[in-house]
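The block underneath contains the structure these notes are about, expressed in structure tokens.
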Amino acid sequence: MYVLCDPSYDGSSTLFAQPILGMDEYRSDMKSLLSLLIAAGEENTDFSLWDEETQKKFFTSYNDATTKLAEEIVAYCVENGYNEDGDIQGAAGSWGFEIADNTIEAFVAALKEAYGEDIAGMISKEAAGSTVDDLFPDLTDYSLKMVTVSDPVASIEGIQKTGDYSMRVVLTEVDATAIYSLGVTIAPLHYYGETAKYDYENNKFGFDKGDLSHVRSVTTKPLGAGPYKFLQFENGVINYEANENYYLGAPKTKYINFLELLNDNDKLNGVITGTIDITDPSYSTDTVNAIADANSNGEQVGDKITTNTVDNLGYGYIGQNANLIKVGNDPASEASKNLRKATATILAVYRDVANDSYYGDRADTINYPISNTSWAAPQSSDDGYKVAFSVDVDGNDIYTSDMTAEQKYEAAKNAALGFFKAAGYTVEDGKVTAPPAEGGPMEFEAWIPADGTGDHPAFMILTEAQKTFESIGITFKIKDLTNSSELWTGLEANSVAMWTAAWGASVDPDMYQIYFSGDEDGHAAGGSNYMYSINDAELNNLILEARKSTDQSYRKMIYKACLDIIIDWAVEIPNYQRQNAIIFSSERVNLDTVTPDITTFYGWMAEIEKVELK
């Protein structure tokens with residue numbers, strides 16, 4: 001725990017961010033040299049904590065890195081047709097930055113102002129191809145060098161040892177999400193730490209505070225107490241060997257290899273041909289048919305393959321960026337919301353047919369942006385439950401239970417026209433003929449990572465919606481990406497107005513990471529809301545309020561209110577809750593040794609030590 005809470009820790013754990021008694025005091029007596037240099041500025045003349053040469057060297061590297069970053073963004077915009085004439089202001093605007101001067105220096109200043117000391121985050125998020133090592137290779141020398149700035153604090157009051165094998169953690173406030181961040185991997189002190197530096201009574205925890213160099217030196221050669229020992233990673237294969245000292249007993253299978261595979265066909269064919277024993281292909285209609293063809297009985301469980309399915313911890317959606325799909329300059333206005341509701345209404349009506357075509361009965365259409373695996377997910381029997389984007393601009397239901405599919409499509413189109421009109425668009429004879437006086441898009445483009453072949457559960461939604469949009473005078477383009485990384489680069493650059501993707505969920509339905517805006521720009525540090533740019537004070541307050549209670553019924557009520565606000569902003573069209581499949585070779589795996597209780601939250605690897613081959 002002290003490693004994860006050290007002021008110099010830079011890994012993925014968020015234990016240090018929890019409201020643990022004494023945490024702020026423990027971490028505030030030291031600051032990174034990087035943060036101090038940024039705060040002092042390039043013209044600093046106080047060299048009591050570092051020398052002048054160090055300062056000059058840092059700012060030379062910093063200025064060079066940010067200049068190269070700005071130039072790379074401009075070059076990317078030119079190459080991809082955003083600003084073909086190399087206009088720096090235009091490129092910056094495409095990347096979500098407004099600058100007053102058409103100069104690289106102005107763009108550099110905007111980047112620095114936006115990110116402050118988070119230089120690694122700036123490069124990782126904004127770069128159009130380069131990495132931190134490419135642009136600022138010695139950055140870690142500054143970010144990991146800790147400087148004591150106040151009286152030292154030796155321990156964290158709320159982390160308390162209560163016995164040889166017991167401890168407790170004391171929080172300063174109720175936080176329903178904190179429990180999920182307290183799961184710390186038990187690691188061997190003699191390997192990851194230094195035994196001579198451990199003395200709990202004297203606040204020594206196996207390393208010098210502010211210096212995790214020894215811990216980092218062994219992280220590429222992990223040592224733990226799990227069922228298998230890491231041997232090597234080579235040519236896309238990780239080799240493991242059974243740990244004969246595993247506390248639940250030595251595993252039944254001595255060696256396990258994990259293979260890195262590029263597509264579902266490789267996974268399925270590997271089981272059929274005998275090169276793979278267990279794998280997890282996407283459970284599409286094509287996969288279902290292939291499994292049925294492989295088994296002599298034509299079923300999902302047969303002589304060649306045994307299939308086990310559970311609901312995926314996550315869901316598919318179509319996203320809309322409020323900053324890019326708006327009327328005028330206010331993404332929060334009713335006109336902007338109505339514009340997004342217009343597009344969402346047309347997209348939403350084609351979800352059922354698309355999901356049925358791609359997944360069959362292996363996925364359900366969902367109506368709120370939350371996984372159905374969550375206890376907080378609204379159910380159709382709940383008060384106030386509505387099908388997503390199923391009402392018109394006046395709040396009246398668009399659909400009736402006796403409508404045919406074609407009648408629903410027509411009703412959705414008419415409702416969308418009503419939303420366009422309410423957004424300020426000119427609507428004449430069933431067509432949108434002009435944008436609002438304040439300005440608004442007449443053309444939309446949706447990005448979809450469908451391998452360039454249309455292989456994606458939402459591809460039919462987009463193609464069907466395209467026909468409807470065009471019938472009412474709106475241009476709707478589909479960008480089918482062969483490389484999905486382009487989508488994430490574009491989203492991080494705030495240049496994608498509409499896209500399809502899926503969220504992975506967690507055990508707790510906390511919405512902070514995705515929807516909390518945090519500041520006037522709608523960007524919470526480390527969050528993903530920059531994709532949606534939803535910025536709603538009531539939503540922010542509700543998200544924080546839900547964390548302050550452990551009453552599940554109360555939290556569900558709060559989260560329902562959050563979901564209604566997200567739907568009202570129309571930044572996300574919830575699409576599907578799919579199933580995951582684990583397939584086993586019936587010929588080679590002794591299925592009697594596989595846990596019979598596989599769930600969304602408890603996978604087959606939870607009891608991997610019991611699995612035997614025939």
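The values are calculated or read from the model by the stated rules, or taken from the named source; none is laboratory data. What you see is a predicted model; the values in this text were computed from it and never measured. Please note: Cβ atoms are built from the backbone with ideal geometry, for glycine as well, and neighbour counts cover all protein chains shown.
Suppose we keep only residues that are of a type in the set (Gly, Ala, Ser) and more than 16 Å from the chain's Cα centre (by Cα) within the stretch 521-542. Which one would you say is modelled with the lowest pLDDT? Explain how you work it out, then say what you get.
Taking the stretch 521-542 and keeping what is of a type in the set (Gly, Ala, Ser), we get 522, 524-528, 533, 537.
Now drop any that are not more than 16 Å from the chain's Cα centre (by Cα), which leaves 522, 537.
Working: Gly522: 45, Ala537: 93.
Top of the filtered list is Gly522.
Restricting to the stretch 89-101, and then to whatever is surrounded by 14 or more Cβ atoms within 10 Å (Cβ to Cβ) and not small (Gly, Ala, Ser), can you tell me which residue is modelled with the lowest pLDDT?
Taking the stretch 89-101 first, the residues surrounded by 14 or more Cβ atoms within 10 Å (Cβ to Cβ) are 89-97, 99.
Pick out the ones that are also not small (Gly, Ala, Ser) and you get 89, 95, 97, 99.
Details: Gln89: 92, Trp95: 88, Phe97: 91, Ile99: 93.
Here the answer is Trp95.
Quick check on the stretch 417-439. Is at least one of its residues among the small types (Gly, Ala, Ser) and part of a helix (DSSP H, G or I)? I'd like the intermediate steps shown before the answer.
Of the stretch 417-439, the ones among the small types (Gly, Ala, Ser) are 418, 422-424, 430, 434, 437, 439.
Those still in the list that are part of a helix (DSSP H, G or I) too: 418, 422.
Checked against the condition, which is being among the small types (Gly, Ala, Ser) and part of a helix (DSSP H, G or I), the stretch 417-439 yields at least one hit.
Does any residue in the stretch 570-599 that is closer than 30 Å to Ser336 by Cβ and among the polar types (S, T, N, Q) come within less than 6 Å, Cβ to Cβ, of a residue that is at pLDDT below 95 and not in a strand (DSSP E or B) six or more places away or on a different chain, and which pairs are these?
Final answer for the pair search is Gln577/Asn372.
Across the stretch 490-506, which residue is surrounded by the fewest Cβ atoms within 10 Å (Cβ to Cβ) among those that are part of a loop (DSSP other than H, G, I, E, B) and in contact with a helix residue (DSSP H, G or I) (Cβ under 6 Å, 6 or more places away or on another chain)?
In the first step, residues of the stretch 490-506 are kept if they are part of a loop (DSSP other than H, G, I, E, B); the result is 493-497, 505-506.
Retained after the next criterion (residues that are in contact with a helix residue (DSSP H, G or I) (Cβ under 6 Å, 6 or more places away or on another chain)): 495-496.
Values: Ser495: 19, Val496: 22.
Residue satisfying both the conditions and the ranking: Ser495.
Taking the stretch 365-395 on its own, how many of its residues are within 20 Å of Gly418 (Cα to Cα) and out of contact with any helix residue (DSSP H, G or I) (no Cβ under 9 Å at 6 or more places or on another chain)?
Initially, the stretch 365-395 is screened for residues within 20 Å of Gly418 (Cα to Cα), giving 386-395.
Filter once more, so that each one left must be out of contact with any helix residue (DSSP H, G or I) (no Cβ under 9 Å at 6 or more places or on another chain): 395.
Total satisfying the criteria: 1.
Pairs, please: C-beta under 9 Å, at least 6 apart or cross-chain, first residue free of Cβ contacts under 8 Å to residues at least 40 places away in the same chain and in the stretch 3-27, second exposed (fewer than 15 other Cβ atoms within 10 Å of the Cβ)?
Gly11/Thr219
Taking the conditions exactly as written (in the same structural domain as Lys57 (by TED's automatic domain parsing), surrounded by 15 or more Cβ atoms within 10 Å (Cβ to Cβ) and in contact (Cβ under 8 Å) with a residue 24 or more places away in the chain), does Ile156 satisfy them or not? Before the answer, list the steps.
Details: in the same structural domain as Lys57 (by TED's automatic domain parsing): no; surrounded by 15 or more Cβ atoms within 10 Å (Cβ to Cβ): yes; in contact (Cβ under 8 Å) with a residue 24 or more places away in the chain: yes.
No.
If I filter the stretch 362-380 down to residues being among the hydroxyl-bearing types (Ser, Thr, Tyr) and either closer than 24 Å to Asp394 by Cα or assigned to a helix (DSSP H, G or I) (or both), which single residue comes out as modelled with the lowest pLDDT?
Residues of the stretch 362-380 that are among the hydroxyl-bearing types (Ser, Thr, Tyr), as a first pass: 365, 368, 371, 373-374, 380.
Narrowing further to those that are either closer than 24 Å to Asp394 by Cα or assigned to a helix (DSSP H, G or I) (or both): 368, 380.
On the way: Tyr368: 97, Ser380: 93.
Restricting to residues being among the hydroxyl-bearing types (Ser, Thr, Tyr) and either closer than 24 Å to Asp394 by Cα or assigned to a helix (DSSP H, G or I) (or both), the top hit is Ser380.
Here are Leu248, Leu262: which of them is over 30 Å from Leu563 (Cβ atoms), touching a residue at least 60 places away in the same chain (Cβ under 8 Å) and not β-branched (Val, Ile, Thr)? Can you show your working first?
Values: Leu262 fails: touching a residue at least 60 places away in the same chain (Cβ under 8 Å).
Testing whether each residue is over 30 Å from Leu563 (Cβ atoms), touching a residue at least 60 places away in the same chain (Cβ under 8 Å) and not β-branched (Val, Ile, Thr) leaves just Leu248.
Residues that are crowded, with 17+ Cβ neighbours inside 10 Å, touching a strand residue (DSSP E or B) at 6+ places or on another chain (Cβ under 9 Å), modelled with pLDDT of 95 or more and farther than 30 Å from Asn494 by Cβ: does the stretch 398-406 have at least one? Steps first, please.
If we filter the stretch 398-406 for residues that are crowded, with 17+ Cβ neighbours inside 10 Å, which is where we start, we get 398.
Next, only the ones that are touching a strand residue (DSSP E or B) at 6+ places or on another chain (Cβ under 9 Å) stay: 398.
Restricting the remaining residues to those that are modelled with pLDDT of 95 or more gives 398.
Next, from what is left, pick out any that are farther than 30 Å from Asn494 by Cβ: 398.
Checking the stretch 398-406: at least one residue is crowded, with 17+ Cβ neighbours inside 10 Å, touching a strand residue (DSSP E or B) at 6+ places or on another chain (Cβ under 9 Å), modelled with pLDDT of 95 or more and farther than 30 Å from Asn494 by Cβ.
Which ones in the stretch 481-504 are of a type in the set (Phe, Trp, Tyr) and touching a residue at least 24 places away in the same chain (Cβ under 8 Å)? Before you say what the answer is, go through the steps one by one.
Let us first name the residues in the stretch 481-504 that are of a type in the set (Phe, Trp, Tyr), namely 488, 499, 503.
Trp499, Trp503, listed by residue number.
From the list Ala581, Ala561, Ala570, Ala537, pick out the single residue that is in contact with a strand residue (DSSP E or B) (Cβ under 6 Å, 6 or more places away or on another chain) and hydrophobic (A, V, I, L, M, F, W, C).
Details: Ala561 fails: in contact with a strand residue (DSSP E or B) (Cβ under 6 Å, 6 or more places away or on another chain); Ala570 fails: in contact with a strand residue (DSSP E or B) (Cβ under 6 Å, 6 or more places away or on another chain); Ala537 fails: in contact with a strand residue (DSSP E or B) (Cβ under 6 Å, 6 or more places away or on another chain).
After ruling out the rest, the residue left standing is Ala581.
Residues are listed down the side, and each one gets a yes or a no for (1) under 25 Å from Ile325 (Cβ atoms); (2) outside any loop (DSSP other than H, G, I, E, B):
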position: Tyr62; (1), (2): no, yes
position: Tyr76; (1), (2): yes, yes
position: Asp85; (1), (2): no, no
position: Glu113; (1), (2): no, yes
position: Ala120; (1), (2): no, yes
position: Ser130; (1), (2): no, no
position: Asp133; (1), (2): no, yes
position: Asp141; (1), (2): no, yes
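Quick one: how many residues across the stretch 447-466 are crowded, with 17+ Cβ neighbours inside 10 Å and touching a Ser or Thr at 6+ places or on another chain (Cβ under 7 Å)?
Counting residues in the stretch 447-466 that are crowded, with 17+ Cβ neighbours inside 10 Å and touching a Ser or Thr at 6+ places or on another chain (Cβ under 7 Å) gives 5.
Say we look at the stretch 126-150 and pick out the residues that are closer than 28 Å to Ser484 by Cβ and small (Gly, Ala, Ser); which of these is surrounded by the most Cβ atoms within 10 Å (Cβ to Cβ)?
If we take residues in the stretch 126-150 being closer than 28 Å to Ser484 by Cβ and small (Gly, Ala, Ser), then Ala127 is surrounded by the most Cβ atoms within 10 Å (Cβ to Cβ).
What number of residues in the stretch 65-88 are at pLDDT 90 or above and among the aromatic types (Phe, Trp, Tyr)?
1
Mind checking which residues of the stretch 448-468 are outside any strand (DSSP E or B), over 17 Å from Ala342 (Cα atoms) and touching a residue at least 24 places away in the same chain (Cβ under 8 Å)? So that I can check it myself, show each step before the final result.
To start, the set of residues in the stretch 448-468 that are outside any strand (DSSP E or B) comprises 449-468.
Still in the running and over 17 Å from Ala342 (Cα atoms): 449-460.
Pro449, Ala450, Asp451, Gly452, Thr453, Gly454, His456, Pro457, Ala458, Phe459, Met460 - these are the residues of the stretch 448-468 that are outside any strand (DSSP E or B), over 17 Å from Ala342 (Cα atoms) and touching a residue at least 24 places away in the same chain (Cβ under 8 Å).
Among Leu37, Leu69, Leu49, which is under 30 Å from Gly193 (Cβ atoms), assigned by TED's automatic domain parsing to the domain that holds Thr140, in a helix (DSSP H, G or I) and not polar (S, T, N, Q)?
Working: Leu69 fails: under 30 Å from Gly193 (Cβ atoms); Leu49 fails: in a helix (DSSP H, G or I).
Answer to the check: Leu37.
Could you count how many residues in the stretch 170-197 are modelled with pLDDT under 95, among the hydrophobic types (A, V, I, L, M, F, W, C) and assigned to a loop (DSSP other than H, G, I, E, B)?
Residues that pass the stated criteria total 6.
For the stretch 249-361, please list each of the helices (runs of 4 or more DSSP H) lying entirely inside it that holds at least 2 residues being in contact with a Gly (Cβ under 9 Å, 6 or more places away or on another chain) and buried (at least 20 other Cβ atoms within 10 Å of the Cβ).
On the way: elements: 264-273, 285-294, 334-348, 351-359.
Where helices (runs of 4 or more DSSP H) fall fully within the stretch 249-361 and carry at least 2 residues being in contact with a Gly (Cβ under 9 Å, 6 or more places away or on another chain) and buried (at least 20 other Cβ atoms within 10 Å of the Cβ), they are 334-348.
Every residue in the stretch 305-334 that is under 30 Å from Asp597 (Cα atoms) and of a type in the set (A, V, I, L, M), please. Spell out the reasoning first.
Applying the first criterion (under 30 Å from Asp597 (Cα atoms)) to the stretch 305-334 yields 305-317.
Selection gives Ile305, Val310, Leu313.
So Leu34 fits all but one of (1) on the phi > 0 side of the Ramachandran plot; (2) in contact with a Lys or Arg (Cβ under 8 Å, 6 or more places away or on another chain); what number is the exception?
That leaves (1) as the condition not met.
Just give me the residues in the stretch 469-489 being assigned to a helix (DSSP H, G or I) and crowded, with 20+ Cβ neighbours inside 10 Å, in sequence order. Let's see the steps before the verdict.
Filtering the stretch 469-489 for residues assigned to a helix (DSSP H, G or I) gives 469-471, 485-489.
Passing the criteria: only Phe469.
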